[in-house]
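To start, the structure itself, in structure tokens.
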Amino acid sequence: MSAVADPDHAVRWRLARGHALQLPAVRTARWLRLHEGELWVTAEGRPGEPPPEDWWVAPGGLLRLPEGRPVLAEAWQGASFELLEEARPA
């Protein structure tokens with residue numbers, strides 16, 4: 001796993017095939033934008049609730065991540081993606 005800055009100064013994450021990254025829970029809206037590869041994404045479940053959804057994200061895909069839950073992203077092919085967060089009011 002690595003993080004590199006692209007020309008627009010956004011941080012782009014790279015995961016090798018079969019590697020996973022746990023994203024901590026946050027209280028703000030955020031999105032995962034996949035640039036290349038394929039990702040399987042799932043949110044952490046909670047006792048007494050239905051099982052969490054799983055998502056497959058293809059290149060060009062934009063997935064809104066659930067707020068307040070840790071999320072696991074696993075690369076099924078080498079993957080390059082970035083996390084986008086909602087702007088906070090000034």
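Every number in this text was worked out from the coordinates using simple rules, so none of it is lab data. Note that the structure is a prediction, hence the values are computed from the model and not measured. No Cβ is skipped: glycine too gets one built from the backbone with ideal geometry, and neighbour counts run over all protein chains shown.
Under 1.5 on a/c is rounded, so check that first for region 21-90, then, if it is not, pick prolate when a/b is larger than b/c and oblate when it is not; a ≥ b ≥ c are the square roots of the alpha carbon gyration tensor eigenvalues.
oblate
Would you mind calculating the gained length between residue 11 and residue 86 on full extension (0.36 nm times residue separation, minus the Cα-Cα distance), in nm to one decimal?
Gain in length upon complete extension: 25.5 nm.
Do you know the relative contact order of region 2-81, to the nearest whole percent, from alpha carbon pairs under 8 angstrom that are 6+ apart?
The value is 44 percent.
Full-extension gain between residue 26 and residue 40, please, as 0.36 nm times their residue separation minus the C-alpha to C-alpha distance.
Net length gain for the segment: 3.1 nm.
Pick out, in residue order, every one of the GluC sites (Glu not before Pro) in region 31-72 that is DSSP loop and has at most 14 other C-beta atoms within 10 Å; say none if there are none.
Those satisfying the criteria are 44, 53, 67.
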